[in-house]
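Colleague: Take this structure first; my questions come after.
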Amino acid sequence: MSERTELESDLESDLEIVGVLPAAGLGSRLHPFYYPKELLTIAYEAQADGGVQPVLATEFGLRALAAAGARRCVVIIADWKLEIVRCLPSDDPRLPRLAYVKQGAPTGSADAVGCILDWIVGASACLVLPDTVFRPVDAVTRICDALRGSGADLVLGVFPTTKPEQLGPVTLGPQGRVLEVVEKPPRPAVANTWGMAAWRPTFSRLFADLRRDPRRRPNSIGEVFNEAVKAGLDVRAVEFADGSYFDLGTADNLRALFVESQG
């Protein structure tokens, strides 16, 4: 069981959760695409004045974070993604307050998330990928509630998938304990993937320690999750066995999402 200081206990008394959205990737799997995939329109909403308003992929995740109680969110961007700042509303009451951190180079998801650790000291965090659409829509709330209601250091949201070799399958033990997280294995043992994560400062500290050690510095955030398991942190999962998870980073997945939306 991991140790927590009295100060951390006070900071976590109401378990403030800060949203984390990494949106600095190149989007190379959708080439040639002429704008950030995070700005894909996934739905349209009717407005009181009779008009319609597009719902962007990134807004889907941000609304889920707000519903889970995240009052603020750090969005990780890059020089080639500044259009996201212009397009995301800064005064929408349905979204958390947004801050932006720039990642200098596209060096992997672990570096993207790791570059904001100093911004969330003393708070818990919830990672949602801004180019994904998932069901149930309250999945983020449920993993955050699981974190609040347990002594877990890290809680993963786990979804079924037909393409675990392209994602991050999770081996589960009794009572939802996570035994292993594997990054894009050629022969996956399970047909699922993690799709979101919520954690306490204990996990952030482990993450920061890994980044400081050049021999152990991870490339992907999934590798960090697995290091947490190996280090003995309390890592659990909420499994959404009847849910769905769409990574919008490929044309095939965009087509699959379109087919589902047509009923």
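What follows is calculated from the coordinates using simple rules that are stated; it is not laboratory data. Not measured: the values here are computed from a predicted model. For neighbour counting, all protein chains shown are included, and Cβ atoms are generated from backbone atoms with ideal geometry for every residue, glycine included.
Colleague: Search the structure for amide H atoms under 5 Å from the amide H of Leu248, placed 1.01 Å from N in the peptide plane, and list their residues when 5 or more places away or on another chain.
Modeller: Thr132, Val133
Colleague: So which lysines can Lys184 reach, going by Cα to Cα under 20 Å and dropping same-chain residues fewer than 8 places off?
Modeller: Lys163, Lys230
Colleague: Estimate the FRET efficiency between Ala241 and Asp49 by the formula 1/(1 + (r/R0)^6), using the beta-carbon distance for r and 35 Å for R0, to the nearest 0.05.
Modeller: With R0 = 35 Å, the Cβ-Cβ based efficiency is 0.25.
Colleague: Ranking request for peptides 45-51, 241-247: highest mean number of other beta-carbon atoms within 10 Å first, then the rest in descending order.
Modeller: 241-247, 45-51
Colleague: Still on this structure, I have one more. From Cα coordinates alone, what are the radius of gyration and Dmax values for the range 15-261 in angstrom?
Modeller: 17.1, 58
Colleague: Next question. Checking the a/c ratio against 1.5 first, then a/b against b/c, what shape does the Cα gyration tensor give for the range 22-141?
Modeller: Cα axes put the range 22-141 in the oblate bin.
Colleague: Another question, if that's okay. Could you rank the peptides 54-60, 147-153, 212-218 by their average count of other C-beta atoms within 10 Å per residue, with the highest value first?
Modeller: Taking the mean over residues of other Cβ atoms within 10 Å, the ranking is 54-60, 147-153, 212-218.
Colleague: What's the ranking of 158-170, 91-103 by average number of surrounding C-beta atoms within 10 Å, highest first?
Modeller: 158-170, 91-103
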